[in-house]
Structures are given as structure tokens and as C-alpha cells.
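The values are calculated or read from the model by the stated rules, or taken from the named source; none is laboratory data. The structure presented is a predicted model; accordingly, all values stated were derived computationally and were not measured. Neighbour counts are summed over all protein chains in view; Cβ atoms, including those assigned to glycine, are modelled from backbone coordinates with ideal geometry. To get the accessible areas, we keep the full protein, side chains included, count just its heavy atoms, and leave off ligands, DNA and RNA. Shrake-Rupley method; radii C 1.70, N 1.55, O 1.52, S 1.80 Å.
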Amino acid sequence: MEFLVEKIGMSRTIGKPSIPVTLLKVKDAKVCEMFEGGKALVAYHQGKTLNKAIAGVQKKYNLDKEFNRFATLAVSNTEAGDLDLSLLESAKRVKVSFNTKGRGFSGVMKRWNFQGGPAAHGSRFHRAPGSIGNREWPGRVQPGKKMAGHYGNEKVTVQNEIVSFDKEHNVLVLKGSVPGFNGAFGKIKVVK
């Protein structure tokens, strides 16, 4: 079963040993329509986006104005209504999918951990990538060559252990870290 979450941030447990944890807020969502195979159209709140297409879907499913985003998820519900969160109380592990932090256009030392050249004066080779091709054969740069470019902002999925779930505030506490910045939206999937 899948749930939409927002990353709150990281903290730690108090005790011996202290465990680093990540706090995720499970989004309030409504199941609008059930499909075959346990999939469902789910409405949730994110930002203030509203246009005629969204208003039409809200009218079709009698939704409040706050439910302005839609996704297709595998859910444990059998009919339309509030999303069933009872599965998170007994779950032990989840797969967490987020986009990593975007770092923009980065050089080879940051992006691929290249060593670089001597830092002393006069070397004239500090943070450059060095030679990228060859002369006679094949006379071109090989595909997949590690070079400077866009770094981050790619989907990453990790598995985490569940430490606890606060059903009053819909806060899920996971052991360890998850990718993404604080406030990022992602998906979790319960692992059996």
C-alpha cells in the first residue's frame, strides 16, 4: 500500500543508543474512485493551485477546495472516502521514494568525486577534469564519460525501518535518513 508524505526533517531518539530518525507527515487524502487491482484515484492538498480542470474534478467527486492535487496509488480501501492509515500502525518497513536535493550544474570534483590536481601555486591544474578524449582511435569522447553537468534532483528509493507512527498527527518516524530537502513531497510503500 502506498501513501503520500511530506518530509518534516531529521531528529534523534532519546535513550541508549540514540538513533537518528527522519520525520514524515502523511498527507490527508481522500479516495475518489477505485480501479481494478487495488489502485485508486486519490485527492490531497499541496499549495494553492486551482484552475478549471481541478475545479471540475472537485465538483465531480464533491471535494473541498483544499483537495487540489490528484495521484493514483495502491490503497487498502475498498470504497471511496478517507484514506485508510491503519496499515501504518502495524507495518515494520517502508520503501521511501523522494527526489534528491538539486545541486544544479556541478563540476567533476563535486559530481563524481574526482581528486583534482595539486593545490599549490603554479600547477595550473586545480579542479579541472583533465583529458577527456584521445587522438587517433576512436577520435571522439566515449559515451558515458564522467563530466561536469546537472547533479541531483533525481528519484531515489530507499528502505527504512519504522520506529513509530503517531496517528493523531499522522507523523511517521523512520530510522535513518531519506533523500530530499525538508518540505519535499514523496511516496512511501509498505514492505511486507
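Specify the residue that is surrounded by the most Cβ atoms within 10 Å (Cβ to Cβ); the eligible residues are those in region 1-22 that are β-branched (V, I, T) and under 20 Å from the mean Cα position of the chain (by Cα).
Step by step, filter region 1-22, then rank; the result is V5.
Give the residue that is most open to solvent (accessible area, probe 1.4 Å), with candidates limited to residues of region 140-168 that are closer than 30 Å to E89 by Cα and free of Cβ contacts under 8 Å to residues at least 24 places away in the same chain.
E168
Considering only residues that are closer than 23 Å to V158 by Cα, open to solvent by 60 Å² or more (accessible area, probe 1.4 Å), of a type outside the set (S, T, Y) and not in a loop (DSSP other than H, G, I, E, B), which ones fall in region 74-120?
E89, R93, K95, N99, K110, R111, W112
Out of the residues in region 5-61 that are assigned to a strand (DSSP E or B) and among the acidic types (D, E), which is farthest from K189 (Cα to Cα)?
Looking at residues that are assigned to a strand (DSSP E or B) and among the acidic types (D, E), I get E33.
Only residues that are small (G, A, S) and in contact with a Pro (Cβ under 9 Å, 6 or more places away or on another chain): list them for region 147-192, please.
Matches in region 147-192: A148, G176, S177, G186.
Among the residues of region 169-191, which ones are part of a loop (DSSP other than H, G, I, E, B), over 14 Å from the mean Cα position of the chain (by Cα) and not polar (S, T, N, Q)?
Selection gives H169, G176.
Evaluate region 23-38: report whether one residue or more is open to solvent by 30 Å² or more (accessible area, probe 1.4 Å) and touching a Cys at 6+ places or on another chain (Cβ under 9 Å).
Scanning region 23-38 turns up no residue that is open to solvent by 30 Å² or more (accessible area, probe 1.4 Å) and touching a Cys at 6+ places or on another chain (Cβ under 9 Å).
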